[in-house]
Amino acid sequence: MPARNHKQWSAKPDLELGEWVDSRIYSDEEIFEEELDKLWKKSWIALCHESELPEPYDFRTGIIAREPVIMVRGPDNKVRAFLNVCPHRGMTIERRPSGSFAPAQPSGNPKHMTCLFHAWQFDMKGNCVDIPRQKEGYQDRLDKSSQGLRALRCEVKYGGFVWVCLDDHTEFNVETWAAGAMDCIKDSLDAEPLELIHYHKAIIDCNYKLWHDTNSEFYHDYMHYHNRITGFNDDYFQRECSAYDNGHVNVGTFTVNYEEYDVAEDRGTLSFPNLPPDNWYMVDMFPGLNFNLRGSVVRMDLMTPLSANQVMIEFRGFGLKSDSPEDRAHRIQHHNSIWGPLGRNLHEDLIGVAGQGTTMTPKSEPRRILHGRHEGAYIHDEIGMRHFYESWGKKMDRLPSDPEQKYKAGKVMGPEMPPAKGLSTFAGKGA
Amino acid sequence: MNVEEQHIKSLVRETIYAAAMFLDDQKWNDWIDQCDESFHYSVVTYSHEVRKDLTYLLMSHKEMHPYFDLLPKHNTDHSPLRRHASIYTVDVSEDGKTAEAVTSFIMTQEMIDGISAPLYSGENRLYLTGKYYDKFKIDGESVKFTERVARVYTRRFDKGTHWVF
């Protein structure tokens, strides 16, 4: 067909329900606000890693669905989470991204969280322990014992990630929320303590789901010379995508041939415990978390949706706490060569979603976004996105392909078929 | 300061500014030619977010050619990065065979791709700030980099880049 006119361009694609979505789900502000309430405030989010707050009184701040969150390690070594909000006048209690409450602050005592505005003080369990001139100001009408912080559900799970949920009444703990999706990497993550080795962030003018989509499909490996040259063999095309309850997906492993890339080194000897050498698992957790266990390093992407057309993505890398300095240097090198801010793959991925964001700004003309590849649930099958949007539709009670309509089930699974063969003759392999 | 030391300092300054121009112009081989075989390059930062020194790039001299030779095979944002460098200090060793320099730099990006090319193409954006901590080997009129540590004060890179700082 030649280039299409408006009617042709806007027509439903020749695919089944569930195999495409309407671009308004990536750009509509009303839908975005609803997502914060129905998805982000109901989900378990891994906001940081315990190695970011290694000592008692350390803290780390984050955001879920616009709500400021603070995670603190108490003198009992337990990590707890609270809204980072003073119950007095709504001031942010701690303004820094991380630090320690052990030393005194200009407005407060050591070992306390202190709101600098009026010096209300809280302990590491969130108890309000001091209101200056409480008796004079409130007489017997209000007591500090009733003015604790807003506690949040918090668990340290799967290799030490700190998971927080804003919903007090969620029926899930982290494990039941994960619904088995993390099982493929949990033995590697839990084998011994992990330690953060990398952090940087991006703010991209695109909807958060576009980044999650990118992490959910490998068909875009055509964009990555690194992945084409080190993969695209028979084993690569046998990687299976598996769907789990609550919208999660994982992608099975294969052996990456790092030696095919001129400046890459083999990662076999440093591969994570309980992971075959140079193997690579990926887990996409609904609605916006991604774990990559790739040989010698773990990468975790945390999305913080800022608006319908803007997302902050924080990129973290992890090694083993027991690393020797030499091993640690190699892990950092392995991580950065593909995933650092100058890394070969990450930059390409971010160019991709930034380009999508450009075409899907709020109020722009709706268009069809296709998720209809069926390849037997193997690596280039777009089942990951179809499964995500099935869960999205149920939780939002909206039809992803026509978000003004109520949800109804579409097609997620395609026909069974054998995996494709390696594309050794692919023209771009050595381009 | 004697005349010889002044002369070496002048050579070091010229070398740093020439490197800035080579990097601005993506003349990677010319930059590599300025580096001794013992050269090591790194990009580091202190992250207030995680309270750690982090390394974003580490490269030895022998890795430089393959690194740059592979660039054309990758998809890269077209918006060039350029730097403004101000040399703060140059210290020459007593024997005149080595030197160290500290250079403050900022990098700007000439938007071409931009977020939306028709809208942002043509504008310049601050990309990062940092300091170069350079070490040199001096042999007569020859000044070669033996180490460059680019300490940046930026942890937010948005789309990122394939081009070194």
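Here, each number is a calculation from the coordinates, and none is a lab measurement. Bear in mind the structure is a predicted one, so any value in this text is a computation, not a measurement. Positions of Cβ are backbone-derived with ideal geometry, glycine not excepted, and every protein chain shown enters the neighbour counts.
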At 0.692 mPa s and 37 °C, Stokes diffusion of chain A via Kirkwood alpha-carbon radius, µm² per second | 142 µm²/s
Rounded to the nearest Å, the spacing of the alpha-carbon centers of the range A:162-217 and the range A:6-34 is 27 Å
With bins of 5 Å, the percent of all Cα-Cα pairs of the range B:3-152 per bin from 0 is 2, 9, 15, 19, 19, 15, 10, 6, 3, 1, 0, 0
Peptide-level mean, for B:74-82, of C-beta atoms on other protein chains within 10 Å = 3
Averaged over peptide A:335-348, how many Cβ atoms belonging to another chain are found within 10 Å of each residue's Cβ?
-> 6
Size of the dipole of the range A:45-157 about the Cα centre, Lys and Arg at +1 and Asp and Glu at -1 on the beta carbon, nothing else charged, in debye to 20?
-> 240 debye
Mean Cβ count within 10 Å, highest first, over the residues of peptides A:18-25, A:322-329, A:187-194 | A:18-25, A:187-194, A:322-329
Taking +1 at the Cβ of each Lys and Arg and -1 at the Cβ of each Asp and Glu, which of A:Leu83, A:Cys115, A:Trp339 sits farthest along the dipole of chain A towards its positive end, judged by Cα position relative to the Cα centre?
-> A:Cys115
Taking chain A as the reference, fit the longest principal axis to its C-alpha atoms, fit the long axis of helix A:344-359 to the helix C-alpha atoms, and give the angle between the two in degrees, 0 to 90, nearest 10.
-> 90 degrees
In whole angstrom, how far apart do the alpha carbon centroids of the range A:89-110 and the range A:358-427 sit?
-> 45 Å
Of B:Thr103, B:Ser79, B:Thr89, which is farthest on the positive side of the dipole of the range B:72-125, counting Cα position, with +1 on Lys and Arg Cβ, -1 on Asp and Glu Cβ, and the Cα centre as origin?
-> B:Ser79
In degrees, nearest ten, helix A:383-396 long axis to first principal axis of chain A (Cα) | 40 degrees
Which loop-located GluC sites (Glu not before Pro) does the range B:84-128 contain, where loop means any DSSP state but H, G, I, E or B and the Cβ has at most 16 other Cβ atoms within 10 Å?
-> B:Glu94, B:Glu123
Would you mind working out the magnitude of the charge dipole of the protein assembly as shown relative to its Cα centre, with +1 at each Lys and Arg C-beta and -1 at each Asp and Glu C-beta, to the nearest 20 Debye?
-> 1700 debye
Toy charge model, Lys and Arg Cβ at +1, Asp and Glu Cβ at -1: chain B dipole around Cα centroid in debye, rounded to 20, equals 700 debye
Return, for the Cα atoms of the range A:179-258, the radius of gyration and Dmax in Å, separated by a comma.
-> 15.1, 38
With B:Ser86 itself left out, Lys, Arg at +1 and Asp, Glu at -1 over residues whose Cβ is under 13 Å from its Cβ give +3
Once the dipole of the protein assembly as shown is set up with Lys and Arg at +1 and Asp and Glu at -1 on Cβ about the Cα centre, which of A:Ser100, A:Ala420, A:Met300 lies farthest towards its positive end?
-> A:Ser100
Residue-by-residue Karplus 3J(HN,Hα) for the range B:41-52, coefficients 6.51, -1.76, 1.60, Hz, glycine and proline x | 10, 9, 10, 10, 8, 9, 9, 6, 6, 10, 6, 8
Return the lysines within reach of B:Lys97: Cα separation strictly under 16 angstrom, same-chain partners fewer than 8 residues apart disregarded; answer none if there are no such residues.
-> B:Lys9, B:Lys135, B:Lys137, B:Lys144
Rounded tilt (10° steps) of A:325-339 against the dominant C-alpha axis of chain A = 60 degrees
For the protein assembly as shown, cysteines whose Cβ has no other cysteine Cβ within reach (under 4.7 Å) | A:Cys48, A:Cys128, A:Cys154, A:Cys165, A:Cys184, A:Cys206, A:Cys241, B:Cys35
Take the alpha carbon atoms of the range B:24-57, find their center, do the same for the range B:94-165, and report the distance between the two centers in whole angstrom.
-> 8 Å
Residues whose modelled amide H sits under 5 Å from the amide H of A:Tyr378, counting only those 5 or more places away in sequence or on another chain, are A:Cys241
Residue by residue through the range A:308-318, the couplings from Karplus 6.51 cos²θ - 1.76 cosθ + 1.60 with θ = phi - 60°, in Hz, x for Gly and Pro, are 4, 10, 8, 9, 9, 10, 9, 10, 10, x, 9
When the distances between all Cα atoms of the range A:45-157 are binned every 5 Å from zero, what whole-number percent does each bin get?
-> 2, 13, 24, 26, 18, 10, 5, 2, 1
Rounded, prolate or oblate: which one fits the range A:76-134, using the alpha carbon gyration tensor with axes a ≥ b ≥ c (rounded when a/c is under 1.5, else prolate when a/b beats b/c, else oblate)?
-> rounded
